[in-house]
1. So, of the residues in region 46-65 that are surrounded by fewer than 17 Cβ atoms within 10 Å (Cβ to Cβ) and either closer than 20 Å to Thr132 by Cβ or among the small types (Gly, Ala, Ser) (or both), which turns out to be nearest to the chain's Cα centre (by Cα)?
2. Report yes if some residue within region 66-85 is outside any helix (DSSP H, G or I) and under 13 Å from the mean Cα position of the chain (by Cα); otherwise report no.
3. Go through (1) modelled with pLDDT under 90; (2) in contact with a Gly (Cβ under 8 Å, 6 or more places away or on another chain) one by one and return the number of the condition His102 breaks.
4. Could you tell me how many of the residues in region 66-91 are out of contact with any Cys (no Cβ under 8 Å at 6 or more places or on another chain), crowded, with 18+ Cβ neighbours inside 10 Å and of a type in the set (Ser, Thr, Tyr)?
5. Kindly indicate whether Val98 is in contact with a strand residue (DSSP E or B) (Cβ under 8 Å, 6 or more places away or on another chain), assigned to a helix (DSSP H, G or I) and either of a type in the set (Val, Ile, Thr) or surrounded by fewer than 20 Cβ atoms within 10 Å (Cβ to Cβ) (or both).
6. Can you name the residue in region 121-136 that is under 20 Å from His102 (Cα atoms) and hydrophobic (A, V, I, L, M, F, W, C) and, of all such residues, is surrounded by the fewest Cβ atoms within 10 Å (Cβ to Cβ)?
7. I need the full set of residues from region 130-162 which are in a loop (DSSP other than H, G, I, E, B) and modelled with pLDDT of 95 or more, in order please.
8. Given the conditions (1) modelled with pLDDT under 95; (2) out of contact with any Lys or Arg (no Cβ under 7 Å at 6 or more places or on another chain); (3) polar (S, T, N, Q), report the number of the one that Thr26 does not fulfil.
Amino acid sequence: MLVGDRAEHGGCTGHPDDYVLRSGRTLNADGGRIADARHHTAAFLDQAAQEHGLPVPAQTRDLTLLVVSELVTNARKYAPGPVRIELRISARTVEVAVSDTHTAVPAARPADPRRIGQHGLEIVKAVTEEFTVEQEPGGKRITARIPLIQEQRAGDAGTAPS
């Protein structure tokens with residue numbers, strides 16, 4: 001459950017999909033809300049690692065901050081009202097949800113390497129394992145799920161355990 005701008009411990013029962021930590025924050029309408037969202041997210045991930053022992057790989061951290069930046073930037077660009085960011089973390093994933101007051105459902109544009117800008121949604125969809133858009137009264141909620149533990153791919157450096 002979310003409580004204002006504070007994190008709340010989720011009472012994890014040990015199931016990998018149970019949320020260990022949740023946090024929510026409403027961002028001001030000024031230009032600083034993107035930086036505020038990134039700082040809030042970094043502190044959230046630090047808390048998950050330090051207080052709950054969840055390993056947050058550097059790649060997951062970077063991708064989560066990228067997703068937050070892109071979603072909050074789009075909300076700031078298209079929605080006139082406040083933006084709400086909610087973060088959740090389990091043993092498997094980091095979930096980022098951004099709610100805004102714009103009712104239009106965003107759509108990724110067709111790939112065009114000559115296009116300058118407007119690639120944010122393409123990027124978010126490419127780096128997340130799940131992406132959903134839900135319409136809500138007076139706006140929408142975009143949720144992106146980033147895997148917490150990156151699996152080693154065939155051909156990557158390193159050896160598999162014997």
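The values are calculated or read from the model by the stated rules, or taken from the named source; none is laboratory data. Worth saying up front: this structure is predicted, and the values here are computed from it rather than measured. As a convention, Cβ positions derive from the backbone with ideal geometry for all residues, glycine included, and neighbour counts pool all protein chains shown.
1. Ala58
2. Yes, region 66-85 has at least one match.
3. Exception for His102: condition (1).
4. The total comes to 1.
5. No.
6. Filtering region 121-136 for residues that are under 20 Å from His102 (Cα atoms) and hydrophobic (A, V, I, L, M, F, W, C), the one surrounded by the fewest Cβ atoms within 10 Å (Cβ to Cβ) comes out as Val133.
7. Selection gives nothing.
8. It is condition (2) that Thr26 fails.
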